[in-house]
Amino acid sequence: MKFFVDTADTAAIAELNELGMVDGVTTNPSLIHKSGRDIKEVIAEISAMVDGPVSAETVATDYETMVKEGHEVAKLGDNIAIKVPLTWDGLRACKHLSGEGHMVNVTLCFSTNQALLAAKAGATFISPFIGRLDDLNLDGMDLIADIRDVYDNYGFETQILAASIRSANHMSDAAKIGADVATAPPGVIKKMAEHVLTDKGLDAFLSDWAKTGQSIL
Ligand code: E4P
């Protein structure tokens, strides 16, 4: 499973990128707002930092303006995935932009039918939002599994990009189901390294090591 980092925080991206944990980056208008930076400046900077796809989201709701915005953000780097919402106009923009050869990430997906439409419209990525479904007492991971089944039934090449990930368990569950990509905040990716038994075991080893009075260096 590829790891995308869900942030516009360039310092956090750089830290994970050094470890080879960044296969791409996703942003959205809320994350741009949180960064406090100009969208064009920050997307261009991220695009130059990472090799993989960098999603930049359009904000228009009508097809024509969405396509114009898509062309504009695509100029910010050679690895830009244009992000459009899963609306009818968004699907039209997806069809148009993917037909021109752009990578397109169709976002705000909450149903298998929406994912089917995005694949038919030529999406490179479909972004089903796990956490926001869980917030409503629905099971976001069920949606990932259903889309996996449907895409595999028909050989759709659209990549399932599990989004709105809130926990390390979401990452492993998405990987078990076979999501192609998961995008998570930097803190969630770092949390994946944690285990209470690792901490406990390390404490015990260090305590015994201190008793030996030895030093490796
Ligand atoms: C990524 O592409 C999405 O915009 C993001 O994962 C949404 O996450 P949230 O539901 O935590 O805001």
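The values are calculated or read from the model by the stated rules, or taken from the named source; none is laboratory data. As the structure is a computational prediction, the values presented were derived from the model and not from experiment. Every residue, glycine among them, receives a Cβ derived from its backbone with ideal geometry; neighbour counts consider all protein chains shown. Ligands, DNA and RNA are excluded from the accessible area calculation, which covers all protein heavy atoms including side chains. Shrake-Rupley method; radii C 1.70, N 1.55, O 1.52, S 1.80 Å.
Given the condition more than 15 Å from the ligand (Cβ to nearest atom) and out of contact with any strand residue (DSSP E or B) (no Cβ under 9 Å at 6 or more places or on another chain), answer yes or no: does some residue in region 73-86 qualify?
Checked region 73-86: at least one residue is more than 15 Å from the ligand (Cβ to nearest atom) and out of contact with any strand residue (DSSP E or B) (no Cβ under 9 Å at 6 or more places or on another chain).
Can you work out which of the residues in region 178-203 that are more than 15 Å from the ligand (Cβ to nearest atom) and open to solvent by less than 50 Å² (accessible area, probe 1.4 Å) is farthest from Glu157 (Cα to Cα)?
Here is the first cut: in region 178-203, the residues more than 15 Å from the ligand (Cβ to nearest atom) are 178, 190, 192-203.
Now drop any that are not open to solvent by less than 50 Å² (accessible area, probe 1.4 Å), which leaves 178, 201.
Details: Gly178: 13, Gly201: 44 Å.
Here the answer is Gly201.
Within region 125-143, can you find the residues that are within 13 Å of the ligand (Cβ to nearest atom) and either open to solvent by less than 10 Å² (accessible area, probe 1.4 Å) or not acidic (Asp, Glu) (or both)?
Of everything in region 125-143, those that are within 13 Å of the ligand (Cβ to nearest atom) and either open to solvent by less than 10 Å² (accessible area, probe 1.4 Å) or not acidic (Asp, Glu) (or both) turn out to be Phe125, Ile126, Ser127, Pro128, Phe129, Ile130, Gly131, Arg132, Leu133, Leu136, Gly140.
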